[in-house]
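Enquirer: Before we start, here is the structure in question, set down as C-alpha cells.
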Amino acid sequence: MPVRRSLRLAPSLLSADFADLAGAIRAAEAGGADAFHLDVMDGHFVPNLSFGPALVAAVRARTRRPLDLHLMIDEPLRYLEPFHRAGADTLVFHVEARSPPEEVVRQGHALGAAVGAAIKPGTPFSAVAPLADRLDQILVMSVEPGFSGQSFLPQVLPKVGEARARLESLGQETDVSIDGGITPETAGPAAAAGASFFVCGNSVFGHGPVPENLRRLRAAVEDGAHRAVR
C-alpha cells in the first residue's frame, strides 16, 4: 500500500476576525496549524473581492508558517510576482481562468514559488491531469469558489481519489488539497479519499476555541487516513 505524505491543516483567514488577524494567527498556531490559506478574489472570476498583496505581506510579517494563496482571479499570470514578493509560498491558480495553465506553472516556478492548480466542483479531473507531473498541489474545490460558509459537496470525493491515484502512478507526493465545508464530519472522508492538505475556515474560526477546533479536525483527518490504508 503506498505511503501518503504528511497530513496538513491550513486555516483559511477569510473566516477569521479581520479586526484581529494577528490574534487569529496566534490561536491557530497554538492549535498546530501547518500553514495559512488566503483567498484572493478579483470580483470577476468570482463575484466577491478580498485580499491583495499588502494583506499577504502583513500576514507574512506575523507568522513563519507557509502561506498558501488561492488565486480566484481571471488573470493569475499578471499577479504571480507581486503575491510571491509579498510572501506567498504556494500560488494556486484555477485551470478555468484565462491565463494559459502551462505558462502559469512555468512562471510561478521561475519565481521560486510552489505552484498548485485548482478545479471547481463541476470541472473534471481531466482538466488538470496533464499538469500533474509539474504541480506542487492539486486543489479540489468542495464548494463553489467565492464565498465562505458553504456546505461540503461529497460528489467531489471521486476526483480527490483520481488525483491521488494519478500522482501515485507518477511516483509523486504532490499535495492533494481540498477546500470548502471542511469540518470534523467531512475531513475524515476527504482524507480517506486521498486528500493530504485541508483548508478549514468556519470550522476553525466560526465558534469555540480555535486550538481545540484544530485538534478535533486533525483527529478526524488522521482517523480518515488510517481507515484508508488499513
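Read the figures in this text as sums done on the coordinates, not as results from a lab. Just so we're clear, the structure is a prediction, and the values are computed from it rather than from any experiment. When we count neighbours, we look across all protein chains shown, and the Cβ atoms used for this are built from the backbone with ideal geometry, even at glycine.
Enquirer: Please determine, by comparing only the residues of the stretch 192-203 that are of a type in the set (S, T, N, Q) and either assigned to a helix (DSSP H, G or I) or more than 14 Å from the chain's Cα centre (by Cα) (or both), which one is nearest to Val46 (Cα to Cα). Even if it seems obvious, please write down each step before you answer.
Expert: Kept after step one, since they are of a type in the set (S, T, N, Q), are these residues of the stretch 192-203: 196, 202-203.
Now restrict to residues that are either assigned to a helix (DSSP H, G or I) or more than 14 Å from the chain's Cα centre (by Cα) (or both): 202-203.
On the way: Asn202: 19, Ser203: 22 Å.
Out of the qualifying residues, it is Asn202.
Enquirer: Take the stretch 73-89 and flag every residue that is touching a Pro at 6+ places or on another chain (Cβ under 8 Å) and either more than 23 Å from Pro47 (Cα to Cα) or buried (at least 24 other Cβ atoms within 10 Å of the Cβ) (or both).
Expert: Phe83, Arg85, Ala86, Asp89
For every residue, the table says whether it meets (1) free of Cβ contacts under 8 Å to residues at least 60 places away in the same chain; (2) surrounded by 15 or more Cβ atoms within 10 Å (Cβ to Cβ); (3) within 13 Å of Ile119 (Cα to Cα); (4) touching a His at 6+ places or on another chain (Cβ under 9 Å).
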| residue | (1), (2), (3), (4) |
| --- | --- |
| Pro145 | no, yes, yes, yes |
| Gly149 | no, no, no, no |
| Leu157 | yes, yes, yes, no |
| Ala163 | yes, yes, yes, no |
| Ser169 | yes, no, no, no |
| Thr174 | yes, yes, no, no |
| Asp179 | no, yes, yes, yes |
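Enquirer: Anything in the stretch 106-141 that is of a type in the set (Val, Ile, Thr) and crowded, with 20+ Cβ neighbours inside 10 Å? List them, or say none.
Expert: Keep residues of the stretch 106-141 that are of a type in the set (Val, Ile, Thr), which gives 115, 119, 123, 128, 138, 140.
Correct list: Val115, Ile119, Val128, Ile138, Val140.
Enquirer: While we're here: Would you list the strands (runs of 3 or more DSSP E) that sit entirely within the stretch 105-191 and hold 1 or more residues that are hydrophobic (A, V, I, L, M, F, W, C) and over 29 Å from His207 (Cβ atoms)? Walk me through how you get there before you give the answer.
Expert: Values: elements: 114-119, 137-141, 175-179.
It comes to 114-119, 137-141.
Enquirer: Can I ask one more? Considering only the stretch 136-151, I want to know if a residue exists there that is in contact with an Asp or Glu (Cβ under 9 Å, 6 or more places away or on another chain) and charged (D, E, K, R).
Expert: Residues of the stretch 136-151 in contact with an Asp or Glu (Cβ under 9 Å, 6 or more places away or on another chain): 136-143, 145-146, 148, 150.
After this cut, where a residue has to be charged (D, E, K, R) as well, the list is 136.
Yes.
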